[in-house]
């Protein structure tokens, strides 16, 4: 028989990883953005955002930007993807992972919460034609790039 021993958290000092690392992440993000401002202007999102959830990879292609997010334990009906005023937002609800009604919780490490992650779309991305697929805990979003407006030369007659 396997024994599970619960350790009282009052005996062990705890450091919240996110509150410890987030200031460093923000400084890093600001440094990268100030040194490479063309990244933000070109693809319209900040690919170096700190420790937000869900974690994402951002890929730039010639005609689109791809965002891949790892969101285990949910199904697609628990996810919402919105675009409003140039901001793409992924949100979801991770409540009710396990029925705890009659159980004594010995250890809790799984997050049971809501989340929201937003991306500012730049002027070069098409927020009206975004597509998304969710399969086996992986959310893939494709944001097409807008075709650059070709300037035309027009000669104006002087009257």
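Tabulated data for the structure shown
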read-out	value
Sole residue being closer than 22 Å to residue 59 by Cα, loosely packed, with under 15 Cβ neighbours inside 10 Å, modelled with pLDDT under 90 and more than 17 Å from the chain's Cα centre (by Cα), chosen from 123, 102, 128	123
Out of 134, 115, sole residue that is under 14 Å from residue 68 (Cβ atoms) and not in a loop (DSSP other than H, G, I, E, B)	134
Out of 109, 62, 100, sole residue that is assigned to a loop (DSSP other than H, G, I, E, B) and within 22 Å of residue 33 (Cα to Cα)	62
Cβ-Cβ under 6 Å pairs, at least 6 apart or on other chains, region 139-159 side closer than 30 Å to residue 86 by Cβ, far side in a loop (DSSP other than H, G, I, E, B)	139/71; 143/130; 144/126; 144/129; 145/63; 145/124; 146/124; 146/126
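The values are calculated or read from the model by the stated rules, or taken from the named source; none is laboratory data. Remember, predicted model here, so these are calculated numbers, not experimental data. Glycine gets a Cβ as well: all are built from the backbone with ideal geometry, and neighbour counts include every protein chain shown.
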